[in-house]
1. Residue-wise, which Karplus ³J(HN,Hα) couplings in Hz belong to region 98-112, taking 6.51 cos²θ - 1.76 cosθ + 1.60, θ = phi - 60°, and x for glycine or proline?
2. So what J values fall out for region 32-48 if you push phi through Karplus, 6.51 cos²θ - 1.76 cosθ + 1.60 with θ = phi - 60°, rounded to Hz, Gly and Pro as x?
3. Can you give the FRET efficiency for residue 53 and residue 11, using 1/(1 + (r/R0)^6), R0 = 35 Å, r = Cβ-Cβ distance, to the nearest 0.05?
4. Averaged per residue, what accessible surface does region 19-74 expose to a 1.4 Å probe, in Å²?
5. Mind listing the phi-derived Karplus ³J(HN,Hα) values for region 75-80, rounded to whole Hz, using 6.51, -1.76 and 1.60 with θ = phi - 60°, and x for any glycine or proline?
6. Taking amide hydrogens as modeled 1.01 Å from N in the peptide plane, which residues meet the under 5 Å criterion relative to residue 90, leaving out close sequence neighbours?
7. Report the far tail of the P(r) of region 48-102, meaning the percent of Cα-Cα pairs longer than 13 Å.
8. Taking only Cα atoms of the chain, what ratio of Rg to Rh do you get with Rh as the Kirkwood inverse-distance radius?
Amino acid sequence: QAQLVESGGGLVQAGGSLRLSCAASGRISGIDSMGWYRQAPGKQRELVASITAGGRTNYADSVKGRFTISRDNAKNMVYLQMNSLRPEDTAVYYCRITAGGGRYEYWGQGTQVTVSS
């Protein structure tokens, strides 16, 4: 059974920074894409950033230039460095991993990020 555990969320003032981490454990092999999604109250879950096994990254327009995604393949971990945070970044952030050529999908339980103005 695979498990994803996020950490690093919290309360920060606008303009501040946070670093989210996601650790994948259990029986996961052949991890493909790793990514971060977020869901604010009353809104749909949206992609924040993703990174392929080869290191190619993709970002939502709203976070480009402020957020950076990275991964450590040896540790099965993915990170999201969030700088210049804004109140509109407030949401529950979820880690997502695909594996087995996209046949398997795993989600973390989410971590709350709250940005105060």
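The values are calculated or read from the model by the stated rules, or taken from the named source; none is laboratory data. These numbers were taken from a predicted model, which means no experiment stands behind them. For neighbour counting, all protein chains shown are included, and Cβ atoms are generated from backbone atoms with ideal geometry for every residue, glycine included. Please note that ligands, DNA and RNA were not included when accessible areas were found on the heavy atoms of the full protein model with its side chains. Shrake-Rupley method; radii C 1.70, N 1.55, O 1.52, S 1.80 Å.
1. After applying 6.51 cos²θ - 1.76 cosθ + 1.60, I find 10, 8, x, x, x, 6, 10, 9, 10, 10, x, 7, x, 9, 7 Hz.
2. With the stated coefficients, region 32-48 comes to 9, 7, 10, x, 10, 10, 9, 9, 8, x, x, 10, 6, 5, 10, 6, 9 Hz.
3. Details: r = 34 Å, r/R0 = 0.96.
Computed FRET efficiency for residue 53 and residue 11 comes out at 0.55.
4. For region 19-74, the per-residue accessible area is 56 Å².
5. Going residue by residue, I get 9, 6, 10, 10, 10, 9 Hz, with x marking Gly and Pro.
6. Amide H neighbours of residue 90, under 5 Å, 5+ apart: 115.
7. The proportion of pairs with Cα distances above 13 Å equals 64 percent.
8. Rounded to two decimals, Rg over Rh is 0.96.
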